[in-house]
Each structure stands twice: as structure tokens, then as C-alpha cells.
Amino acid sequence: MRLADVVSVSHAVARTSGRLEKTQHLADLLTRLPSDEIGIVVPFLSGSPRQGRIGIGGAMLSSMRDIPPADAPSLEIRDVDAAFDRLAAMSGAGSATSRSQVLRQLLGRATRDEQDFLVRLLFGELRQGALEGIVIDAIARASGIGAARIRRAVMLAGDPASVARTALVDGDAALSRFILEPFQPVQPMLADSATDVADAISTLGDAVIEYKLDGARIQVHKVDDEVKVYSRNLREVTAAVPEVVTVARGIPARAIVLDGEAIAMREDGTPHPFQITMRRFGRRLDVDRLRPDLPITPFFFDALYLDGEPLVDEPLARRMDLLTARVTASNVVPRVVTANPAEAAAFAAQALATGHEGVMVKALTGRYAAGRRGQTWLKVKQARTLDLVILAAEWSGRRKGTLSNLHLGARDSERGGFVMLGKTFKGLTDEMLAWQTKKFLALEIGRDAYTVFIRPEVVAEVAFNEIQASSQYPGGLALRFARVKRYRADKSAADADTFATIQEMYGQGSRL
DNA sequence: TCTGCCTGCCC
DNA sequence: ATTCTGC
DNA sequence: GCAGAATGGGCAGGCAGA
């Protein structure tokens with residue numbers, strides 16, 4: 001199949017807003033697609049190449065803007081896939097130059113529409129209003145198999161391409177080969193948010209409350225002495241966390257799959273900040289050098305498979321029993337089972353006092369809903385707010401032509417002026433975007449290519465989860481997960497929170 | 001060899 | 001990660 | 001309620017260029 005055929009379907013999908021119609025367009029394409037190209041095109045339509053990230057980012061892509069497009073389409077899907085293979089394989093001195101050349105060549109053979117498609121695909125912003133979720137529906141429609149069945153297979157397979165091939169070529173019965181088994185990582189279950197523990201308990205009933213650790217999600221697979229560790233996105237990270245391998249090897253089970261969190265702990269049993277955990281997690285070099293000073297500890301909270309039996313359809317209560325029967329308590333997330341809101345709230349307070357980011361509340365009857373934001377897991381995290389001054393805003397928000405991304409500053413009561421603590425666009429409705437675009441242009445004192453700087457007069461109440469060390473911002477501190485709660489028309493810049501306050505909050509947080 | 005930029009991937 | 005929006 | 005879009009900060013590692 002030609003790339004142009006895929007691009008034209010992508011356009012048709014982008015043009016319609018209806019999910020059913022998008023699905024139909026994609027299903028039609030899948031029906032026409034030669035079976036040996038399913039593995040290439042399904043990832044394209046889901047928003048990323050089969051090869052994943054291949055070392056091409058925004059800077060490289062913007063340097064390609066001058067390439068004249070071809071007049072007529074000529075690229076085959078296979079050509080593109082082959083070029084991506086070559087790009088992915090490049091490394092070492094001179095590789096950036098050759099990568100640029102190969103990409104340039106590819107884009108030079110593409111029409112304007114094809115160039116746009118390839119650039120969006122490589123940048124990771126397909127923006128056709130359909131990604132994996134809709135593609136799954138399309139696979140279901142094209143194969144005549146139920147969407148729930150396809151979805152489940154994708155969760156167990158970890159990716160939609162192999163499921164699409166099986167469904168379209170071999171049919172319904174063949175989907176039974178997608179089962180949970182060791183070394184075949186499954187998409188991890190995700191959680192919804194709740195505002196507080198009492199709220200979560202009242203939603204879920206009998207529940208387990210667990211510390212929510214601010215580390216990195218891990219899925220650990222073990223068969224006999226062989227162990228593999230996967231990240232939340234199913235990337236294999238075994239080499240980065242030998243401590244986890246050691247713990248897993250010590251578990252008295254022939255075969256087991258566990259879900260948990262890896263985190264750097266201090267000797268006193270309190271957690272390091274997330275930034276410190278990340279010095280170890282994701283590291284490939286010098287792991288042994290850092291190990292003594294910065295050990296990583298796994299804390300497990302679920303068991304998905306044990307000695308031949310998949311557990312994902314078992315209620316949480318049974319999975320917990322099996323987990324605690326095999327894993328030492330020091331490697332299980334601290335937890336309490338209760339339906340009593342007061343007891344749960346006390347446990348949550350204890351989690352925060354120990355330095356953790358909050359708690360998870362999970363229904364005891366819940367199945368393990370792989371890949372879904374299940375209604376049976378609720379996270380409760382502590383958020384605080386500050387009144388901060390808007391220093392500037394950047395163009396291009398949800399709708400073109402609005403000033404959306406806000407620069408947030410705290411008042412510097414000692415030296416005067418403001419200390420920037422980060423940016424956010426979150427929490428802004430369309431209505432607020434429209435209002436602030438007008439307002440900020442009236443306050444403009446200067447601009448560059450992307451940014452309008454304004455008189456520091458507008459105050460916003462900003463929620464955040466943590467203050468973290470920053471190498472980027474002038475005060476050496478930045479807000480984590482900042483979002484606007486509301487504008488404070490009743491406050492002026494002189495009423496805004498001071499940088500000294502933020503420094504104090506940071507000191508308290510990091511001493512815990 | 002050092003530094004800055006870019007990319008990928010955690011949250 | 002968080003949040004908003006359309007379906 | 002789901003799916004998608006839009007965008008945040010930081011760390012590690014690789015490469016290019018001074």
C-alpha cells in the first residue's frame with residue numbers, strides 16, 4: 001500500500017469529529033490493507049512508528065522545513081518502514097548527520113501532505129483525533145470481533161499490531177493465544193483521582209488503603225532464577241535496578257508476575273524525592289557505582305500471575321493474599337484494610353507524615369483492569385496552593401491564537417521583583433483562555449517569538465503537588481504539576497506569596 | 001576534554 | 001503527570 | 001466515562017562543536 005492511501009484516510013479521520021465515523025474510516029483501511037503491512041500501518045494509525053522513538057525530535061524536524069515536497073505520491077509504506085529501520089539503527093559519531101540525511105531524503109520523496117503526516121508521526125503528535133483506543137474499535141469492526149475482546153487482547157499483548165494481525169488474518173478463535181504469561185508484560189492498571197480518602201471510601205466500600213510511593217512503576221516477571229523488570233510503558237529496565245532482581249529471585253515461587261513501585265529510600269525509612277529516585281531509575285551506566293549510596297527498593301502491591309495461574313480476573317483480596325504469602329513484608333507497600341473513613345484518614349495522614357505523596361484506595365472486589373483507568377483504584381494525593389503572579393504567557397493553546405501557557409512567579413520580598421517558578425496551561429477553560437488573551441495583550445510590555453511578557457499584576461491561585469529542585473529556574477526551585485485553580489481578581493501582586501515562603505515549604509518537604 | 005543541546009522516558 | 005472537551 | 005489533545009519539570013545519555 002502507498003503512504004498516500006494512509007495519509008488520505010488519516011485526513012478523513014481528522015476531518016470528522018464523530019468517533020463512529022473515525023472508526024469506520026480506519027476499519028475500511030484495515031480491510032484493504034495487505035496482511036503483511038498490518039504490522040506497519042496499525043502503529044502509524046495509533047500515532048507512532050513500529051520502531052518507536054528513533055532519535056528524531058522537534059529540533060531535527062524543524063530543521064527539515066525547507067525540504068521541497070514531491071509533486072506526486074510515490075512512497076510505499078514499506079519504503080517508509082525501511083527508512084525508519086535505518087534511522088533507528090544509527091548510533092555513534094556522525095550518526096546525527098547521517099540520520100539527518102536519511103530523513104531529508106525520505107521527506108524529499110514525500111508530497112506536502114505526506115511530509116506533514118510523517119513529521120507529525122515522528123514528533124508524536126498525529127492529531128487525527130484517533131489513537132490506540134479508536135484503532136482498537138476499528139480492528140474490532142474490520143474483523144467482526146467484539147471490541148472488548150480485542151481490547152483485552154491488546155492489554156495482554158502490550159501492543160495493538162500483533163492483535164490486529166491475528167484478528168484480521170486468523171480470526172476470533174486465534175485471539176485465545178493472548179494470555180497473561182511471564183515475560184509478556186501487560187499494560188499496567190491505572191487509577192482515577194479522588195479528592196480525599198473519605199470520598200474514595202464512600203465510592204468503593206470495603207477497601208484497602210496503601211501508601212502511594214513517589215517512585216517509578218515496575219512490573220516484575222520471574223521464572224526460576226530469570227527476572228525481568230518493566231517500566232510503566234513496558235520498557236525493559238532490568239539492568240537499572242539489580243536490587244529488584246535480587247528481591248524477585250528470593251521470592252518462593254517458580255513463576256510470578258508482580259506490580260509495584262521502585263523508589264530510593266533513605267536509611268531512616270523515609271523516601272527520597274522523586275528526582276533522586278530518577279538518578280537510579282533509567283540509568284544504564286555506572287549503576288554499581290551509585291548502588292551503595294542510593295539503593296533502590298521495590299514495594300509490591302499486586303500479583304498478576306502465580307505458578308501458572310493468571311490472576312487478573314481474581315478479586316484484589318485474593319491477589320493480595322497470594323502476594324503477602326510469598327513476598328516479605330518489607331517489600332510490600334504499607335497498607336491497611338478498612339471501610340472506616342476515620343481509620344483510613346489516619347492512615348493517609350501517616351503516609352504524608354512519612355514523606356509519601358498520598359494513598360491509593362482500592363476496592364477489595366476489583367479485578368485487575370489492565371491498561372484501563374479502573375474505577376476500582378482511586379489515588380488521593382496532597383495538593384497545596386499558592387497565589388502567584390503571571391509574568392508572561394505563550395501563544396498557541398488548545399485553540400490557535402490564544403495565549404495559554406502561563407509563566408508563574410513568586411514575589412521576591414527581599415530584592416523586589418518576581419522569581420519564576422515554572423509554567424502551566426492546566427486548569428484553563430476555553431472561556432479563561434479567551435479572557436486572558438485579551439487581558440494579557442492589554443498588559444503587554446514586550447514579546448519574543450512565542451512569548452508575551454506582561455506587567456506583573458494578575459494573580460492566580462495555583463495548585464501543585466511538590467516543590468522540587470530546579471537547574472532551569474533562577475531561584476533553583478520549580479513547582480511540580482502546577483495548575484491554575486482560579487484567577488484572584490481580589491488580589492494584587494503585592495498580595496502574592498513570596499519566594500521565601502516557597503523556600504520554606506521546600507525545606508520542610510525535603511527534611512521529612 | 002568539556003559543555004550545551006537534543007532525545008527519550010520517568011512522573 | 002493534570003486538566004479540559006467532544007462524543 | 002472514555003479517548004484524545006495539549007502541555008509541565010527533571011534525569012540520563014549521546015552526540016556535536018568549541
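The values are calculated or read from the model by the stated rules, or taken from the named source; none is laboratory data. In this text, all values refer to a predicted model and were calculated from it rather than measured experimentally. Positions of Cβ are backbone-derived with ideal geometry, glycine not excepted, and every protein chain shown enters the neighbour counts. Note: areas computed on protein heavy atoms with side chains; ligands, DNA, RNA excluded. Shrake-Rupley method; radii C 1.70, N 1.55, O 1.52, S 1.80 Å.
When the charge dipole of the stretch A:1-113 is built from unit charges on Cβ atoms (+1 for Lys and Arg, -1 for Asp and Glu) and taken about the Cα centre, the candidate among A:M64, A:A14, A:H25 whose Cα reaches farthest toward its positive end is A:M64.
Heavy atoms only, probe 1.4 Å: what % of the accessible area of the stretch A:1-115 goes to carbon and sulfur, would you let me know?
With neighbouring chains kept in place, the figure for the stretch A:1-115 is 49 percent.
In this rough spin-label picture, where each label sits 7 Å from Cα along the Cβ direction, the A:L352-A:S176 distance is 5.2 nm.
Largest first, the residues A:F418, A:F281 sort by 1.4 Å accessible area into A:F418, A:F281.
Taking all protein chains together, A:R384, A:R32 sort by accessible area into A:R32, A:R384, largest first [probe 1.4 Å].
Is the stretch A:276-355 best put as rounded, prolate or oblate by its Cα gyration tensor, with a ≥ b ≥ c the root eigenvalues, rounded for a/c under 1.5, and otherwise prolate when a/b is larger than b/c, oblate when not?
It is oblate, given that a/c is not under 1.5 and a/b is not larger than b/c.
Taken one residue at a time, the phi angles of the stretch A:315-325 give Karplus couplings (6.51, -1.76, 1.60, θ = phi - 60°) of x, 3, 4, 6, 4, 5, 4, 5, 4, 6, 6 Hz. Gly and Pro are set to x. The phi torsions of the stretch A:497-509, fed into the Karplus equation with coefficients 6.51, -1.76 and 1.60 and a -60° offset, translate into couplings of 5, 9, 4, 4, 4, 5, 4, 5, 4, 5, x, 5, x Hz, rounded to whole numbers, with Gly and Pro shown as x.
Here the spin labels are modelled as points 7 Å beyond Cα on the Cα-Cβ line, and at A:A434 and A:T246 they lie 6.1 nm apart.
At the residue level, A:T203 shows approximately 90 square angstrom of accessible surface with a 1.4 angstrom probe and all protein chains present. Per-residue SASA remark: A:D199, around 70 Å² accessible (1.4 Å probe; ligands, DNA and RNA not included). Taking Cα centre as origin and charging only the Cβ of basic (Lys, Arg, +1) and acidic (Asp, Glu, -1) residues, the dipole magnitude of chain A rounds to 720 debye.
Pop out the carbon and sulfur fraction of the accessible area of the stretch A:193-299 as a percent, whole number, probe 1.4 Å. Its accessible area is 47 percent carbon and sulfur atoms. When peptides A:287-295, A:262-270, A:8-16 are ranked by their average number of other Cβ atoms within 10 Å per residue, the highest-first order is A:8-16, A:262-270, A:287-295. Suppose R0 equals 30 Å; then what is the FRET efficiency for A:S95 and A:M278 from their Cβ-Cβ distance, rounded to the nearest 0.05? Working from the Cβ atoms, E equals 0.70. Across the accessible surface of the stretch A:385-508, with the other protein chains kept in place and a 1.4 Å probe, carbon and sulfur atoms take up 50 percent. Shape analysis of the stretch A:4-139 places it in the prolate category; the axes a ≥ b ≥ c from the Cα gyration tensor give an a/c of at least 1.5, with a/b above b/c. Projecting the Cα atoms of A:F84, A:L122, A:A449 onto the charge dipole of chain A (Cβ charges, centred on the Cα centre) puts A:A449 farthest toward the positive pole. Counting 0.36 nm for each residue step from A:E444 to A:D192 and taking away their Cα separation leaves a gain of 86.8 nm. Solvent exposure of chain A amounts to 46 Å² per residue of accessible area, where only protein heavy atoms count and the probe is 1.4 Å.
How large is the dipole of the stretch A:385-508 about the Cα centre if only Lys and Arg carry +1 and Asp and Glu carry -1, each at its Cβ, rounded to the nearest 20 debye?
For this selection, approximately 500 debye.
Between A:L20 and A:A70, what FRET efficiency follows from the Cβ-Cβ distance if R0 is 30 Å, with the result rounded to 0.05? The partial results should precede the final answer.
Values: r = 34 Å, r/R0 = 1.14.
About 0.30, to the nearest 0.05.
If R0 is 41 Å, what FRET efficiency do you get for A:D268 and A:E236 from their C-beta distance, rounded to 0.05? Once the sixth-power term is evaluated, E becomes 0.80. Here the relative contact order of chain A, from alpha carbon pairs under 8 Å that lie six or more residues apart, stands at 12 percent.
Counting only DSSP beta bridges whose two residues both lie in chain A, roughly 90 percent are antiparallel.
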